[in-house]
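Structure, as structure tokens:
The values are calculated or read from the model by the stated rules, or taken from the named source; none is laboratory data. Everything numeric here is computed off the predicted structure, so don't read it as measured data. Cβ: placed from backbone, ideal geometry, glycine included. Neighbour counts: every protein chain shown.
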Amino acid sequence: MGGGQMCRRFYWLCFICILVPLFLGVAIVPSGAAVIKIGMKEEPKTLNPFKASDTWSRNVVDRFYESLYTREPKTHRIIPWLADGYPEYDEATNTAVVRLKKTKWEDGSPLTAHDVVFTGSVIREFKVPRYYARWRFIKEIEALDDYRVKFVLEEPMAIFLPRTLMTFIVQKKKWEPVVAAARKAENPLRCLLAHEVTQPMGCGAFKFVKWARGAYIRIERNENFFATGMEIGGKKVGPYVDGVLFKFYGSMDSAILALKKGDIDYYWASIQAGYLKDLEGDRRFKVFKNDKDGVYYLAFNVRNPPFSDKAFRQAVAYLIDKDFIVIRVLQNEGQRMDNITPPGNGYWHNPDTPKFGKGMKRKERIKKAYEILKAAGYTWGKPPINAKGTVVRAEGLKMPDGREVPPLDILTPPADYDPHRAMTGMLVQQWLRGVGIPASSKPSSFGSITQQVKVKREFDAFILGWGGLGIDPDYLRTFFHSREDRPYGRNPMGYHNDWYDNIADESAATMDETKRRELIFEMQKFIIEEAPYIPLYVPYVVEACRVDRFTGWNEDLDGVGNGWSLFFIKPAQ
Amino acid sequence: MHLGKFILIRTTQIVVSFFIILTLLFVLFRVAPGDPASMVIDPQMTAEDVEVTRALFGLDKPLYQQYLIYVKNFVKGEFGSSFYYGKPVIEIIGEKLPNTILLFTTSIILSALAGISWGKVIAWRRGSLLDSSVTVLGLVSHTLFLPWIALLMVWVFAYWMNLFPLSGMITPELWLNPETGITMKVLDVLHHMVLPLSVLFTIHFGGFMLIMRSSMMETLKEDYIVTARAKGLTERQIRERHAAKNAALPVVTSVGLSLAFSINGGAITETIFSWPGIGRELVFSVSNSDYPLAQIAFLLIAALVLVANLVVDILYAYLDPRIKY
């Protein structure tokens, strides 16, 4: 076959494929159906709720399963959901009784206390990662009758309501055979987590229809959703859409084009600043900017000098110009952080934590850092402030014991992984060098950083971030408790403080929310003062939605991509 | 050496090479920094959860034990389960590989056929305007920056002209419609293939064409071409039956290896076009230390390359009677 003949056939094939849209336009589902099309960056890994830990899997799985309690939109107040009223807690016996509403699974069978007991028992028996920590202190769980569950706690735990009772509930009937088979396996937990859920059975607002691997997931409205018609936060719960079609877009470019073309109505990811101008000028879109539930921070290895010295850490805190980072690195698409708990978490965020260097100019920062270090006993061969009071390049910084401050590495992710953190590392390097601290930013692969930081715990400083902190601030306890100073622990900095350990433990055992809030506020103020972490910034979550197609998006912490949006959105008139 | 003996010796070499690659892959992934458990940055995961997860993955065992389990499972045909998906890697590869073969292998075949055809033609008309222009075109297309050309084509043909889908392999709305027949579904897949296939064709065509042209020009200097002309054969007959067959040998090697490597897909192409192939999974598995998935994917590529080499060597014996084993 000649090349010409081959090429002609290829051109014919292309021509046929160009004609295809004319036929396809007839075959496509009528656009009258109120199905919202949501783009996601990646496909879910699993529909198994015990296994699903990545964002993409949870985006889908969370549509099927509900919990005894949930958080009200915007206020984040905990409200009964599958439960009927709040737990009846007996402090004397550490017992709580929870009543259930009379609700149904999507197959019409009743959701009972036995399902709740089953779910909790599975998590405890198999020690399911991510969930076991919120159930380990439950000594007993028992169904008193079909609609009452009794929990016996080993000790009072503040996370009982916001974590334990906000765990998803699975249907006992569906999962009992799976659990029975897992118990017989060589590795029961692996068997449980490896179970492939092909037809999720939930009680959520949506039910599963189909998953075409690599292409889409389709879910449809659950007509028997128990919360339909309930008034929450001044709005009536739907859902008002017939279903959701999840599509997958690997690159932001194709996702934005899909939004503009109408292939999707919402892209479930934060949009980079470069695309915003295009979208903001288009009436079909509304761009939402919300606080992210996270924090990006600089952390120190406080086991070794000079970072073991609080004065040194505070001097570093003064040198960092967070506003500069927000303006220049984030292009104003974020805010400075002076607390671990983000400002968007209104109830638990203490606005009165120390704000090192806020509003200071560069010269003032250097002077302040110099004063702190000098008062702490640090000396220089050539100090950063000369006799005339002018800022000069410092050299030969020595610790109070006379040793030179050793070269310090600041580990950051590489620019191709996160350009913001990589750039921030470079800036911090320069600011620290301004007072003679021999710092160097070391962009490294993510695996290398986690290996150094979490496993070996051999590092000087690093810049990483947390996302999905959650409303409940129990992480403040675990991030800085001395117990967590161990391989894979959440305190790789090696921070030890008895006072903090005690107040953290007290906050964990305080069931009275008002009192707990006071303790949490004290913890926040203390830890910022101590500075084993310097919170730097948090980027906004910037999203765009086709408001000419759907309106009623619920803006909240971490953006409009949340369950409440899907309960409230309606087709645009 | 008899061809049969040659095949036997080469097969033995392939098996040995394969086991060396098997071991190297194991070592390389284990010495690379970070393990799948340590890379989980989730405030809800306690240190105990991480230890449990490591035990689930078998990472709590000593390295030599992990290696022995790995080799034993491989020999038994058990390739393990993905750390992230939690399901057998062979299932994951089974889902994604056909999509990669459909797109990437097709692009190699089409670009090879077109490249060989054009290479023949322009070498025959060397020095002409056609030769110069197509050679330049081939050079330009071969050196185009793939992400740039891909995005440009998406923007022009899919967004601006609305002739093709923006991404993906199928149109969900079409496939969800129970009335859609198999013909429409096939056309839909073809429709989605056009843009990524065109991009890959553009990138690969130039390379094959230039190799063929170069090889053809060497062949045309041979005495038997002069003899063929002297015998009164037509130009077409000389080109197709005498020159092209001999000139095709280096191209056969290139095509054979390209076909083998096409299995690894192209992470960039698959990302831009959201094509559900193995390329992106490979990148994901390496960057997230999903050892079982990454190891099997690389082993598959290694196996195909080794076998492709053998097939090419055998083909040589048929294409070129001078070659004897």
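Inspect the range A:209-220 for any residue being closer than 25 Å to A:ILE38 by Cα, in contact with a strand residue (DSSP E or B) (Cβ under 9 Å, 6 or more places away or on another chain) and among the acidic types (Asp, Glu) and give the result as yes or no. Checked against the condition, which is being closer than 25 Å to A:ILE38 by Cα, in contact with a strand residue (DSSP E or B) (Cβ under 9 Å, 6 or more places away or on another chain) and among the acidic types (Asp, Glu), the range A:209-220 yields at least one hit. In this structure, A:LYS150 does not qualify as in a strand (DSSP E or B) and either closer than 30 Å to B:GLY279 by Cα or within 14 Å of chain B (Cβ to nearest Cβ) (or both). Assess whether B:LEU22 counts as being closer than 30 Å to B:VAL311 by Cβ and either within 14 Å of chain A (Cβ to nearest Cβ) or charged (D, E, K, R) (or both). Answer is no for this residue. Just one of the listed residues (B:SER141, B:SER128, B:SER107, B:SER111) is farther than 30 Å from A:GLU43 by Cα and under 16 Å from the mean Cα position of the chain (by Cα), and it is B:SER111. If you go through the range B:25-46 and keep only what is touching a residue at least 60 places away in the same chain (Cβ under 8 Å) and more than 14 Å from every other protein chain (Cβ to nearest Cβ), you end up with B:LEU25, B:PHE26. Looking at this structure, is B:SER81 without any contact (Cβ under 8 Å) to a residue 40 or more places away in the chain and either more than 9 Å from chain A (Cβ to nearest Cβ) or surrounded by 14 or more Cβ atoms within 10 Å (Cβ to Cβ) (or both)? So B:SER81 does not fit the description; no.
Might you let me know whether the range B:308-320 holds any residue that is farther than 21 Å from B:THR23 by Cα, in a loop (DSSP other than H, G, I, E, B) and either within 12 Å of chain A (Cβ to nearest Cβ) or not hydroxyl-bearing (Ser, Thr, Tyr) (or both)? Checked the range B:308-320: at least one residue is farther than 21 Å from B:THR23 by Cα, in a loop (DSSP other than H, G, I, E, B) and either within 12 Å of chain A (Cβ to nearest Cβ) or not hydroxyl-bearing (Ser, Thr, Tyr) (or both).
Could you go through the range A:135-144 and let me know if any residue there is in contact with a Lys or Arg (Cβ under 8 Å, 6 or more places away or on another chain), among the hydrophobic types (A, V, I, L, M, F, W, C) and within 14 Å of chain B (Cβ to nearest Cβ). The answer is yes, given that some residue of the range A:135-144 is in contact with a Lys or Arg (Cβ under 8 Å, 6 or more places away or on another chain), among the hydrophobic types (A, V, I, L, M, F, W, C) and within 14 Å of chain B (Cβ to nearest Cβ). Of the helices (runs of 4 or more DSSP H) that lie entirely inside the range B:99-189, those containing 2 or more residues that are surrounded by fewer than 17 Cβ atoms within 10 Å (Cβ to Cβ), in contact (Cβ under 8 Å) with a residue 60 or more places away in the chain and of a type in the set (Val, Ile, Thr) span B:106-124. Looking across A:ALA34, A:ALA52, one residue alone is within 14 Å of chain B (Cβ to nearest Cβ), surrounded by fewer than 20 Cβ atoms within 10 Å (Cβ to Cβ), touching a Pro at 6+ places or on another chain (Cβ under 9 Å) and modelled with pLDDT of 90 or more. It is A:ALA34. Can you find even one residue in the range A:14-21 that is surrounded by 19 or more Cβ atoms within 10 Å (Cβ to Cβ), within 11 Å of chain B (Cβ to nearest Cβ) and modelled with pLDDT of 95 or more? Scanning the range A:14-21 turns up no residue that is surrounded by 19 or more Cβ atoms within 10 Å (Cβ to Cβ), within 11 Å of chain B (Cβ to nearest Cβ) and modelled with pLDDT of 95 or more. For the range A:194-211, a residue qualifies if it is of a type in the set (A, V, I, L, M) and at pLDDT 95 or above, and the qualifying residues are A:VAL197, A:MET201, A:ALA205, A:VAL209.
If we keep just the residues of the range B:53-70 that are of a type in the set (A, V, I, L, M) and at pLDDT below 90, which is nearest to A:ARG213 (Cα to Cα)? Here the answer is B:LEU56. Give A:GLY467, A:GLY436, A:GLY377, A:GLY381 a once-over and let me know the one that is crowded, with 19+ Cβ neighbours inside 10 Å and of a type outside the set (D, E, K, R). That would be A:GLY436, the only listed residue that is crowded, with 19+ Cβ neighbours inside 10 Å and of a type outside the set (D, E, K, R). Annotation note: of A:VAL326, A:VAL295, the sole residue that is of a type in the set (A, V, I, L, M) and either within 13 Å of another protein chain (Cβ to nearest Cβ) or surrounded by fewer than 18 Cβ atoms within 10 Å (Cβ to Cβ) (or both) is A:VAL295. Flag not set for B:LEU197, criterion: surrounded by fewer than 20 Cβ atoms within 10 Å (Cβ to Cβ), under 29 Å from the mean Cα position of the chain (by Cα) and of a type in the set (A, V, I, L, M).
Scanning the range A:375-416 for residues that are under 17 Å from A:SER308 (Cα atoms) and aliphatic (A, V, I, L, M) gives A:ALA375, A:ALA376, A:LEU397, A:MET399, A:VAL405, A:LEU408, A:ILE410. Taking the listed residues A:TYR147, A:TYR132, the one that is under 23 Å from the mean Cα position of the chain (by Cα), surrounded by fewer than 22 Cβ atoms within 10 Å (Cβ to Cβ) and farther than 30 Å from A:VAL35 by Cβ is A:TYR132, with no other qualifying.
Restricting attention to the range B:86-100, the residues being more than 24 Å from the chain's Cα centre (by Cα) and under 19 Å from B:ASP35 (Cβ atoms) number 1.
Taken together, the residues in the range A:99-132 that are assigned to a helix (DSSP H, G or I), touching a Ser or Thr at 6+ places or on another chain (Cβ under 9 Å), within 14 Å of another protein chain (Cβ to nearest Cβ) and in contact (Cβ under 8 Å) with a residue 24 or more places away in the chain amount to 1.
Per this entry, B:GLY168 is counted among residues that are within 13 Å of another protein chain (Cβ to nearest Cβ) and in contact with a helix residue (DSSP H, G or I) (Cβ under 8 Å, 6 or more places away or on another chain). Screening A:GLY344 against (1) modelled with pLDDT of 95 or more; (2) within 27 Å of the chain's Cα centre (by Cα) leaves a single unmet condition, (1). Among all positions in the range B:278-294, there is at least one residue which is under 30 Å from A:THR450 (Cα atoms), crowded, with 20+ Cβ neighbours inside 10 Å, within 14 Å of another protein chain (Cβ to nearest Cβ) and of a type in the set (Phe, Trp, Tyr).
Every residue, every condition in (1) more than 14 Å from chain B (Cβ to nearest Cβ); (2) free of Cβ contacts under 8 Å to residues at least 12 places away in the same chain; (3) surrounded by fewer than 21 Cβ atoms within 10 Å (Cβ to Cβ); (4) of a type outside the set (Val, Ile, Thr), yes or no:
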{"site": "A:LEU68", "(1), (2), (3), (4)": "yes, no, no, yes"}
{"site": "A:GLU72", "(1), (2), (3), (4)": "yes, no, yes, yes"}
{"site": "A:GLY85", "(1), (2), (3), (4)": "yes, no, yes, yes"}
{"site": "A:GLU88", "(1), (2), (3), (4)": "yes, yes, yes, yes"}
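Among the conditions (1) part of a helix (DSSP H, G or I); (2) in contact with a Lys or Arg (Cβ under 6 Å, 6 or more places away or on another chain); (3) among the acidic types (Asp, Glu), the only one that B:ASP60 does not satisfy is (1).
Entry remark, the range A:238-262: residues being out of contact with any Gly (no Cβ under 8 Å at 6 or more places or on another chain) and within 22 Å of B:TRP148 (Cα to Cα) number 9 in total.
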